[in-house]
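K.L.:
Questions regarding the structure given below will be posed in turn.
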Amino acid sequence: MIVVFILMRIAMNMVSGLMHSRLRHALSEEMRLLLFDAYLHMPYGQLRRANTGTLHDTVALHSWALADAFGNIATIGANLGSIAVFGLFVAALSPMAAVIAVIGSVLLFALTARLHRRTVQLGGDSIAATATMTERLLHSIEGSRTIRAYGRERWAARRFRAASTRTRRLYEAIERMQILLHPLNEIAYLVLLGGIALGSSALGTAPAATFAAVLLLYRMQPQLRGLESSRLALAGHDASIAAVERQLGRRAASLADGTRPYPGLGDGLAFEDVRFRYDPQTPLLEGVSFVIPPRGLTVLRGPSGIGKTTLINLILRLYEPQAGRIAVGGVAVQELRRADWLAALALAGQDAELIPGTIAQNIRFGRLNADGDALDAAIELAGLAEVLPRLADGLNTPVGGRGTNLSGGQRQRVGLARALLRNPDILILDEATNSVEQGLESAILNRIVAARQDRMTILITHRDIMLAAPATVIDLTSLPGIRPMPS
C-alpha cells in the first residue's frame, strides 16, 4: 500500500506539473495576443504618447506575470483545501486547540499585512524601473548612429547602468522580503504551537488529544507557509495585473468602425467645416473647408507647422475631427467600413517607415498578393529600377532596422514603390521624394502623375517643384480656419 501511494503521489505530481505548465503557457499567450491586438487598435494619439518601454514590457514580461498570478491563485486554493482538512481533524480532537489556532493564525496574517503592502509598492516601482531600462535600451539601439556620431557611448552606458541598477535593487528588495518571510513564519508558528499546547493543558484538554492536535497543526505548517508565500507573490504581481488591465482597457477606446461600403471618389474628397485640436488650448483647424478633385494632381502647399501632416492623419483616420466631417462621394469617411476606406488609400512620406526584411518584402507590404509584373511596374514608376543594380543583392537586399542599410533617397523610393504597388484610388505623397536629386525628383513625379490621370494624387510640399502636368494648387496659408502651430 505504501509503494502504491508513493507511486500515485508521483503520478499526480507529474500530471499536476504538466497541466500547470500547459495552462501557464496558454494563459500567457492569450494575454500577449490580447495586448498586441489592443496596441494595433489603440487610438493613434495614445500610442504616440505611450512609453515604448512600458508597451514592450507589458507584452514581454507582464503577460507571464499574469499567468504566474493565476498559478498563485490555484496554489492558494490547494493550500486552503489542505488547511481545511487538517483543521477539521484538529477541531474533532480538540475544539479548544482549534479556536486558539484560528485566533493565532488571524494575528499572524495581520502581522504580515505590512509586508504585503510593501511588496505591492515595490512591485509597482520595479515595473516602472524595468520600463525605463527597456526604453533606454530601445532608444540606444534605434539611435545608435547618432550616439556614435557624437561620441556619446559612455553617456548612454551611464544612463542604462543607472536604470539597470535601480531595477536590480528593487527586485532584490522584493526577494529579501520573500526570504525573510519564511523564518518569521517559522518562529511565529512555533510560538503559536507552544501557546496551543500550554493553553489546551491549562484548560484541561487530555494530553493525548493536545499532542495529536499539535502534531496535526505542525503538519499543517507547510500549507500555511505556502499560503503566505503565494499571497506575497500574488501581491507582487498586482502592478503587472494593473498594467495589463490599463492596456486592455484602451482597446475599447479605439476608433469606431463604420458600416457603409466605399462609394468611390464621386465628386472628390471634401473637408467640410473641419475642426481639430491636439491640445484643447491650442487651435489648429478651426472650420476648414476645401475640396480635392477626384482625378489628377492636387498640391497642398504650405510651410512647416501649417497642419499638412494633421490633414493626412485625418484622412487616414488616425485621428477624428472634433467637428465637421471629411466626405468622399458624399459620404463621411467615419461612416465607411474602415478596411474598405484604407484599401482605397496609399501613403508615401518623407520618413519611409520600412519594416525589417528585404526590399522586395517592404514593397509587397503595399499589396501582399501582387504578381511579378505589378511589382516590376511599381519599381519602375518609383525610380527604384536604376538603384537596384547598384545593390549587392538587388531586391533581396536587407533594409535593416528602420531602413538603416539604405540611403534617404533609396528609402523614399522603396516607400514610394510600396504605395504605387497598392494601385490606390487616392495616392498621398507627403514630401515623398525630397531626398531624391532635384532633376530626378521631377521626372519621377511627372511619371506618376501621368500614369494616374484618372485617379486622385495628393502632393504635400512646402517647396516649388517643376511638374509638367496641370495641377490644382491649394495654398494652406490662405485657407480660412488654419491656425499654424508655433515654430
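K.L.:
Hey, Gly151 hits all of (1) within 30 Å of Gly194 (Cβ to Cβ); (2) not in a helix (DSSP H, G or I) but one; which does it fall short on?
P.N.:
It is condition (1) that Gly151 fails.
K.L.:
Of the numbered conditions (1) within 27 Å of the chain's Cα centre (by Cα); (2) surrounded by fewer than 20 Cβ atoms within 10 Å (Cβ to Cβ); (3) hydrophobic (A, V, I, L, M, F, W, C), Trp341 fails exactly one; give the number of that condition.
P.N.:
Exception for Trp341: condition (2).
K.L.:
Identify, by number, the condition in (1) β-branched (Val, Ile, Thr); (2) in contact with a Leu (Cβ under 9 Å, 6 or more places away or on another chain); (3) open to solvent by less than 20 Å² (accessible area, probe 1.4 Å) that Val331 doesn't meet.
P.N.:
(2)
K.L.:
Would it be correct to say that Glu380 is within 27 Å of Ile460 (Cβ to Cβ), of a type in the set (D, E, K, R) and at pLDDT 90 or above? Before the answer, list the steps.
P.N.:
Working: within 27 Å of Ile460 (Cβ to Cβ): yes; of a type in the set (D, E, K, R): yes; at pLDDT 90 or above: yes.
The answer is yes for Glu380.
The rows are residues; the columns are (1) of a type in the set (Lys, Arg); (2) under 20 Å from Phe89 (Cβ atoms).
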residue: Ile174; (1), (2): no, no
residue: Leu180; (1), (2): no, no
residue: Tyr189; (1), (2): no, yes
residue: Ser200; (1), (2): no, yes
residue: Leu203; (1), (2): no, yes
residue: Ala213; (1), (2): no, yes
residue: Leu217; (1), (2): no, yes
residue: Arg225; (1), (2): yes, yes
residue: Ser230; (1), (2): no, no
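K.L.:
Spot the failing condition for Ile241; the list is (1) open to solvent by less than 40 Å² (accessible area, probe 1.4 Å); (2) touching a residue at least 60 places away in the same chain (Cβ under 8 Å), and only one is missed.
P.N.:
Against the list (1) open to solvent by less than 40 Å² (accessible area, probe 1.4 Å); (2) touching a residue at least 60 places away in the same chain (Cβ under 8 Å), Ile241 comes up short only on (1).
K.L.:
Give the residues of region 399-422 that are without any contact (Cβ under 8 Å) to a residue 60 or more places away in the chain and of a type outside the set (Lys, Arg), sorted by residue number.
P.N.:
Listed by number, the residues that qualify are Val399, Gly400, Gly403, Asn405, Leu406, Ser407, Gly408, Gly409, Gln410, Ala417, Leu421.
K.L.:
Among all residue pairs at least 6 apart or on different chains, which show Cβ distances below 7 Å where the first residue, located in region 274-295, is touching a residue at least 40 places away in the same chain (Cβ under 8 Å) and more than 11 Å from Arg483 (Cβ to Cβ) and the second is open to solvent by 70 Å² or more (accessible area, probe 1.4 Å) and polar (S, T, N, Q)?
P.N.:
Taking only residues 6 or more apart or on different chains, the pairs are Arg295/Gln453.
K.L.:
Output the helices (runs of 4 or more DSSP H) that fall wholly within region 289-371 and possess 3 or more residues being in contact with a strand residue (DSSP E or B) (Cβ under 7 Å, 6 or more places away or on another chain), or say none.
P.N.:
Fully inside region 289-371 and qualifying: 308-315.
K.L.:
In region 356-371, which residue that is open to solvent by 60 Å² or more (accessible area, probe 1.4 Å) and either of a type in the set (A, V, I, L, M) or touching a residue at least 24 places away in the same chain (Cβ under 8 Å) (or both) is farthest from Ala417 (Cα to Cα)?
P.N.:
Only one residue fits best here, namely Pro356.
K.L.:
While we're looking at this one, here's another question. Before we move on, is Ala50 under 15 Å from the mean Cα position of the chain (by Cα), free of Cβ contacts under 8 Å to residues at least 24 places away in the same chain and open to solvent by less than 50 Å² (accessible area, probe 1.4 Å)?
P.N.:
In short, yes.
K.L.:
Condition first: farther than 24 Å from Ala348 by Cβ and surrounded by fewer than 17 Cβ atoms within 10 Å (Cβ to Cβ). Now tell me which residues in region 315-328 satisfy that.
P.N.:
Of everything in region 315-328, those that are farther than 24 Å from Ala348 by Cβ and surrounded by fewer than 17 Cβ atoms within 10 Å (Cβ to Cβ) turn out to be Gln322, Ala323, Arg325.
K.L.:
Which ones in region 113-135 are under 22 Å from Ile187 (Cβ atoms) and buried (at least 17 other Cβ atoms within 10 Å of the Cβ)?
P.N.:
Scanning region 113-135 gives Leu115, His116, Thr119.
The values are calculated or read from the model by the stated rules, or taken from the named source; none is laboratory data. Just so it is clear, the model here is predicted, and its values are computed rather than measured. All Cβ positions, even for glycine, are placed from backbone atoms using ideal geometry, and neighbour counts span all protein chains on display. When the accessible area is computed, the model is the full protein with side chains, heavy atoms only, and any ligands, DNA or RNA have been set aside. Shrake-Rupley method; radii C 1.70, N 1.55, O 1.52, S 1.80 Å.
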